[in-house]
Each structure stands twice: as C-alpha cells, then as structure tokens.
C-alpha cells in the first residue's frame, strides 16, 4: 500500500476475525517498530508479544475488561525502558524520551499492520501493575500501550479530524 493510503486507511478496530497472523507479517511489523527513530538511537523501549489465549484474556481484564483485546490474533505491549535513556539524558530521558521512543515504535507498528492488511487499536487504559504482573516484566519497564493486532471484523467509517486552520499555528517573527 502506498504510504499516504496507509495513513488514510488506518482505523481503530475493536473487533477481530479468528484468523492467525502469518509469522512473516508479524516479523515485518516488529522489524518496522525496530526501525522507528529514537532519542540518541538508544531505542529505550521493549515490545512484549502475546499470542496465547490465557495471556490475551488476562490483558483484556487488566485493560478494564476491554474484551476485544482477547479476540486479536496477537497483542503487542510496548514498554518504556527509562534506564536506557537515563545514562545519556538524565531525568528528561527517564521522564520523556523513553516514552516518546516507545510510542513512536508503536505508531510504526500500527502503520505497518495497516500496510499489510491487518488492523489494530491503541489501548492506553489499563492497570500498569497488572500488565507487569501478567507479563512478568521488571519494574524498570513501564507499560504504555497495548496494541491488539488481527484481521478486522468491522469497518468503521473515517473519523472526523480538526481542520488544519484550527490545528496549525504559523509563527513568524517581526521583520521577516
């Protein structure tokens, strides 16, 4: 799919068909995430791949009972890894750059999934402690996004977006 078509076609999907994702497609999604830009190229994030029913069901429960998560073929969970940024960037790396790194990597995964004919939805509402417990992660990994992946079982319309005139603010200094 052409890049701008991918952007236009991406939708938040909350219903999935019971169809597995081909290993090669998942590998492409993960490779695309790995190529995401990051502060100082430190790649201060971790990605946990959950494809077993028990894990997906537990994540759905931890995500305030958002059951559609358990329907997905695969669930990716993106974690910030603050310690990877802290050495180079100190507090700003711990508080911001690692969060940006993880969310950019997740965005790349969403777009790669769309390009491959798969669907996803960004899930940010969940109990961080429960997610850590389910995935047996170290305390230094902070979960930021749960990303279910699969083949869509729904076709929502394109959502409204703000007009560029409302969104964009041109800044010009006097005399220029």
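Condition check: under 27 Å from residue 11 (Cα atoms), at pLDDT 95 or above and surrounded by fewer than 19 Cβ atoms within 10 Å (Cβ to Cβ). Does residue 103 satisfy that? Yes.
Here residue 27 meets each of (1) outside any helix (DSSP H, G or I); (2) surrounded by fewer than 12 Cβ atoms within 10 Å (Cβ to Cβ) with one exception, condition (1). Within segment 30-53, being surrounded by 14 or more Cβ atoms within 10 Å (Cβ to Cβ), outside any helix (DSSP H, G or I) and in contact with a helix residue (DSSP H, G or I) (Cβ under 7 Å, 6 or more places away or on another chain) holds for 36, 38, 42, 43, 44, 45, 47, 48, 50.
Applying the criterion of being in a loop (DSSP other than H, G, I, E, B) and touching a helix residue (DSSP H, G or I) at 6+ places or on another chain (Cβ under 6 Å) to the residues of segment 122-176, the residue that is surrounded by the most Cβ atoms within 10 Å (Cβ to Cβ) is 126.
Among the residues of segment 60-106, those identified as closer than 16 Å to residue 144 by Cα, in a helix (DSSP H, G or I) and touching a strand residue (DSSP E or B) at 6+ places or on another chain (Cβ under 6 Å) are 69, 98, 99, 101, 102, 105, 106.
Scanning segment 57-68 for residues that are surrounded by 14 or more Cβ atoms within 10 Å (Cβ to Cβ) and either within 15 Å of residue 119 (Cα to Cα) or in contact (Cβ under 8 Å) with a residue 24 or more places away in the chain (or both) turns up 58, 59, 61, 62, 63, 66, 68.
The values are calculated or read from the model by the stated rules, or taken from the named source; none is laboratory data. Everything quoted here is computed from the prediction, not taken from an experiment. Using ideal geometry, Cβ is built from the backbone for each residue, glycine included, and neighbour counts are taken over all protein chains shown.
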